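Heads up, the thing below is written out as C-alpha cells.
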Amino acid sequence: MKIETGNGSISLLALIAIYSVSMVTSLPGLAISPILGELENVFKGAGQFEIQMLESLPSYVIIPFVLLSGKLSMSKNKNRILFIGLALFVVSSLLYFTANSITMLLVYSITLGIGAGIVIPFSTGLIADFFSGVRRTTQLGIVSSVTNIMLVLATLLAGFLAGIGWKYAFIVYCFSIIPLILVFFIPKQAAVRVPVKSGRNEVDPITGIGSGKPKMDTGKTERQSVGKRWPLKLMSIYFFVTAIVLVIPFNLSIYMENLHIGNSDYSGTVISLFFLAMTVPGFFITKIVKVLKKNVNFLSLLFIAAGLCLFLITEKIWILTGAAILVGVGYGIMQPLIYDKTATAFSAHATFALALVMSMNYLAIIVYPFVLKILGTVFHISSVHFPFILNAVLGVAFMVFAFFRRDTPTLGIMDKTKFGFQERKH
C-alpha cells in the first residue's frame, strides 16, 4: 500500500516506521517518576538532590543534543544519525536493569538523554522531508497525537510496573526497540542545502544571506514573514505556551490535595485526561484549521486561558476536569500547527529548524519550576493558587495579543490556499 505525500508516495510500512520514531520523544524520565520514593529506600546513601536529578537530568541533556542532531542533519546521512540515536537509547534502556547504585542510574540517564536528543528532531523532521502541503499538516497532527498517546500509555504502564518492582518500570524505555527495527524501512533522504527565492535574491535558508543574483520579485514570502535564520517567533510561542500549560502536570496534584478536592487518586485521573485531550486535535488538525481559519491560534489560546481561569473560580471536580480538558485541547491544536509553520518556512532544512523549535519544549520543562520558585520568593507567595493565577494572567494576555495578530503568518494562517480557502479582503 502506498501513501501519497504530495511529492510522490511512500509505503505504509515506511510511514509506520516514521510514526514509531515519535514514540521515543515521550519516554525520557517517565520510568523514574513512579519510583522516586522507593529509590530513597533502595539507595539509602543517596541524597535528595541526586534522586531528583534522575527525573530531570535527561531533559538537561536532551536540549544540546537535539540542536546537534538537527545541525548534523543538514549535511550528514539522516538515517544513520537516527539509527545511532535509537541504538544509544535502546542500549541505555537495557543497562538500567544492571544498575546497582545511584551513580550508575545517573550515568544511564545521561546516555538515555543523549540518545533521545539525537532522535527527537526526526520525529517531525522526517514528516517534513517526505510530505508537503496539506498532507504534511495532516501527518504532523498525527505525529503530535501519537507522541501524546504514548505519553499517557507509558505513564500508566510505568506506574503499574513500578508496583511490581522498581526496575520493572524501566521496561517502558524498551519501546524504543520498535523504531530501531523499523528504521531500516525509512527511505533514505539526502541532506542538500537548497537556496530559496526571497524577494529579489536567492537566499540561503539557514544563513539568510543572498547570492546577489537578481531574481523575479515574488513578493513577501513565508520565510520572510517568520524569520530568515532561526524560527525565533515560533520558538518563543512554543516555549511560552508550553510553560503556561505545565501548571497542570506540575501543580495540579498539590493544588487539589491542599484544597481537599476529590480523593488522592483523582488528580492523576485529571492529568491523564489533560494528556488525552492533547491527543485528539492532531487527528483532525486540517479540518480544525478549515473551520477556524485565521482564528485557530486565538481560539486555541482562548481554550487555554478559559481553562486556567476556571481553576481560580471554582472547586467543583467536574468543572476542573473540563477545565483541564480545555487546556489540553488548546495546546493539542497549537502544537502541530507550530511544527507545520516551522517546516513550511524552513523547508530546505526543516529538521534543523524543527530541532530548534522542539528544544523549547524541554527548555520550558527545565525553566518553569525555577521561575515559579524565584517569583514566589521575590513576592513572598507560597499559596497553591499562585501558579494558576500567574499562568491564567499570562494566558489571557497572550490570547488578547493573538487576537490582534490573527492576520500575521505566525499567529494566523501562513498559507491559506493550502487549506482550500482564501480570506476575503475588505
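So here's what we get for this one:
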quantity: Within the stretch 1-29, tally of residues that are polar (S, T, N, Q), open to solvent by 40 Å² or more (accessible area, probe 1.4 Å) and in a loop (DSSP other than H, G, I, E, B); calculated: 1
quantity: Residues being open to solvent by 20 Å² or more (accessible area, probe 1.4 Å) and either aliphatic (A, V, I, L, M) or assigned to a helix (DSSP H, G or I) (or both) - total across the stretch 31-43; calculated: 8
quantity: Unmet requirement for VAL357, which otherwise passes all of (1) among the hydrophobic types (A, V, I, L, M, F, W, C); (2) touching a Ser or Thr at 6+ places or on another chain (Cβ under 8 Å); (3) free of Cβ contacts under 8 Å to residues at least 24 places away in the same chain; calculated: (3)
quantity: Residue among GLU55, GLU50, GLU38 that is closer than 18 Å to TYR168 by Cα, over 25 Å from the mean Cα position of the chain (by Cα) and at pLDDT below 85; calculated: GLU38
quantity: Counted residues, the stretch 158-178 - those being buried (at least 21 other Cβ atoms within 10 Å of the Cβ) and either modelled with pLDDT of 95 or more or of a type in the set (Gly, Ala, Ser) (or both); calculated: 4
quantity: Any hit, the stretch 44-53, residues being closer than 21 Å to SER359 by Cα and not in a loop (DSSP other than H, G, I, E, B); calculated: yes
quantity: Residue within the stretch 30-53 that is aliphatic (A, V, I, L, M), touching an Asp or Glu at 6+ places or on another chain (Cβ under 8 Å), under 21 Å from VAL152 (Cα atoms) and in contact (Cβ under 8 Å) with a residue 60 or more places away in the chain present; calculated: yes
quantity: Any chance SER267 is in a helix (DSSP H, G or I), free of Cβ contacts under 8 Å to residues at least 24 places away in the same chain and surrounded by 17 or more Cβ atoms within 10 Å (Cβ to Cβ); calculated: yes
quantity: Matching helices (runs of 4 or more DSSP H) fully within the stretch 294-393 where at least 2 residues are open to solvent by 40 Å² or more (accessible area, probe 1.4 Å) and out of contact with any helix residue (DSSP H, G or I) (no Cβ under 9 Å at 6 or more places or on another chain); calculated: 350-378
quantity: Residue identified as over 30 Å from LYS287 (Cβ atoms) and open to solvent by 10 Å² or more (accessible area, probe 1.4 Å) among TYR96, TYR108; calculated: TYR108
quantity: Test result for LYS215, open to solvent by 30 Å² or more (accessible area, probe 1.4 Å), touching a strand residue (DSSP E or B) at 6+ places or on another chain (Cβ under 6 Å), charged (D, E, K, R) and modelled with pLDDT under 80; calculated: yes
quantity: The stretch 144-157: number of residues that are surrounded by 23 or more Cβ atoms within 10 Å (Cβ to Cβ) and either touching a Pro at 6+ places or on another chain (Cβ under 9 Å) or at pLDDT 95 or above (or both); calculated: 2
quantity: Complete set of residues in the stretch 1-35 that are small (Gly, Ala, Ser), modelled with pLDDT of 80 or more and touching a helix residue (DSSP H, G or I) at 6+ places or on another chain (Cβ under 7 Å); calculated: GLY6, ALA14, ALA17, SER20, SER22, SER26, GLY29, ALA31
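So that you can scan it fast, the table gives a plain yes or no per residue for (1) open to solvent by less than 20 Å² (accessible area, probe 1.4 Å); (2) over 21 Å from the mean Cα position of the chain (by Cα); (3) modelled with pLDDT under 95:
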{"residue": "GLY85", "(1), (2), (3)": "yes, no, no"}
{"residue": "VAL91", "(1), (2), (3)": "no, yes, no"}
{"residue": "MET104", "(1), (2), (3)": "no, yes, yes"}
{"residue": "ILE114", "(1), (2), (3)": "no, no, no"}
{"residue": "THR124", "(1), (2), (3)": "yes, no, yes"}
{"residue": "ALA128", "(1), (2), (3)": "yes, no, yes"}
{"residue": "VAL134", "(1), (2), (3)": "no, no, yes"}
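The values are calculated or read from the model by the stated rules, or taken from the named source; none is laboratory data. The model shown is predicted, which means the values in this text are computed figures rather than measured ones. All Cβ positions, glycine included, derive from the backbone under ideal geometry; neighbour counts span all protein chains shown. The area values use the complete protein model at the heavy-atom level, side chains included, leaving out ligands, DNA and RNA. Shrake-Rupley method; radii C 1.70, N 1.55, O 1.52, S 1.80 Å.
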